[in-house]
Amino acid sequence: MRRLFISDEEVRGDRLLLGGTRLHYLCNVLRMGPGDSFIAVRANATQQLATLIGVGDKELTASLSAPEPVNTEPRVELTLFQAIIKGKAMTLAIQKCVELGVTAIAPLFTERTVVRIKDADRTKKQRRWQQIAEEAARQSERVRVPEVLAAVDFEQALFSLNAGPALLFAERHVAASSMSVGEALAGHKDAERVAVFVGPEGGFNNHEIDLAAEHGLTPITLGPRVLRAETAAIVACALVLYELGDMQ
Ligand code: SAH
């Protein structure tokens, strides 16, 4: 059955009131009418069966069943700091990492980022990535839509880091020494927050590896083969969630 994220402002007791693009989506795109149902997913990690009662020009009303808890969110807050990569690869990384369970995606400009985004297009791009995240969250039955943050420079992102392990993924020939994900998280099984950094097509350069080291980040390896950035992002997030017990 269709799932739709709804906000608290759209709920009045056991009724759901939807207007604007939601009304258009349900009635014109999905061709739903009175008596049809969908699953309304709430930010408080509950879901309710919504059944359309009345459809007007400006608003539709649906009845809501009793809320049931949904337990699909990981315990850990995982942020993927992903250097901006080419269109399809970036889409894939966002989509798959949201399915896996990331909390947020922070696009990064790094020294070897080749994708150029005009200032005027930044918001448009961010909105597009946010849409991809929302669609993937809906599809994977999550209750929380991961936020795609505004793109920032690599160094700025290092300064913005909160407490908790931060893992910088780097291929072997870039990093002199490196640890595996398991080794890096061994003492942090209860971590509340983890940050994962993945480079662009050309990788991180030595200056960035040194800068990261100054912020306490040691390079992390995914083995001897060089993975494409989007593959590295997906595998890195999966391994972190696995190590922290979220994939059982
Ligand atoms: N510099 C490389 C490609 C970089 S791969 C080249 O052109 O040969 C893109 C990103 O994926 C890297 O910056 C790193 O974050 C991640 N990555 C790819 N393979 C990896 C591996 N084996 N271990 C850790 N990270 C890896």
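The values are calculated or read from the model by the stated rules, or taken from the named source; none is laboratory data. Please read these numbers as outputs of a predicted model, since none were measured by experiment. Glycine also receives a Cβ, built like all others from the backbone with ideal geometry; neighbour counts cover every protein chain displayed. With ligands, DNA and RNA removed, areas are computed over all heavy atoms of the protein, side chains included. Shrake-Rupley method; radii C 1.70, N 1.55, O 1.52, S 1.80 Å.
Points worth noting:
- In segment 207-226, the residues that are within 16 Å of PHE154 (Cβ to Cβ) and open to solvent by 90 Å² or more (accessible area, probe 1.4 Å) reach residues that are more than 12 Å from the ligand (Cβ to nearest atom) and aliphatic (A, V, I, L, M) with C-beta atoms within less than 9 angstrom, at least six apart or across chains, in these pairs: GLU214/LEU158.
- Within segment 195-219, the residues that satisfy the criterion of being near the ligand (Cβ under 10 Å from one of its atoms) and acidic (Asp, Glu) are GLU201, GLU208.
- Only listed residue being in contact (Cβ under 8 Å) with a residue 40 or more places away in the chain, loosely packed, with under 15 Cβ neighbours inside 10 Å and more than 16 Å from the ligand (Cβ to nearest atom), chosen from GLU192, GLU134: GLU192
- Scanning segment 153-178 for residues that are open to solvent by less than 40 Å² (accessible area, probe 1.4 Å) and either aromatic (Phe, Trp, Tyr) or at pLDDT 95 or above (or both) returns PHE154, ALA157, LEU158, PRO165, ALA166, LEU167, LEU168, PHE169, ALA170.
- When restricted to residues that are touching a helix residue (DSSP H, G or I) at 6+ places or on another chain (Cβ under 8 Å) and either in a strand (DSSP E or B) or under 17 Å from GLU230 (Cβ atoms) (or both), segment 102-114 contains 7.
- Flag set for LYS88, criterion: of a type in the set (Lys, Arg) and either under 23 Å from VAL196 (Cβ atoms) or in the same structural domain as GLU135 (by TED's automatic domain parsing) (or both).
- Qualifying residue in segment 226-233 (condition: assigned to a loop (DSSP other than H, G, I, E, B) and within 6 Å of the ligand (Cβ to nearest atom)): yes
- Residues being among the aliphatic types (A, V, I, L, M) and touching a Pro at 6+ places or on another chain (Cβ under 7 Å) - total across segment 180-213: 5
- Against the list (1) modelled with pLDDT of 95 or more; (2) part of a loop (DSSP other than H, G, I, E, B); (3) within 14 Å of the ligand (Cβ to nearest atom), the condition GLY245 fails is (3).
- Among residues of segment 13-39 that are assigned by TED's automatic domain parsing to the domain that holds LEU49, those with a Cβ under 9 angstrom from a residue that is aromatic (Phe, Trp, Tyr) and in a strand (DSSP E or B), sequence gap 6+ or separate chain, pair up as LEU26/PHE38; LEU30/PHE38; MET32/PHE38.
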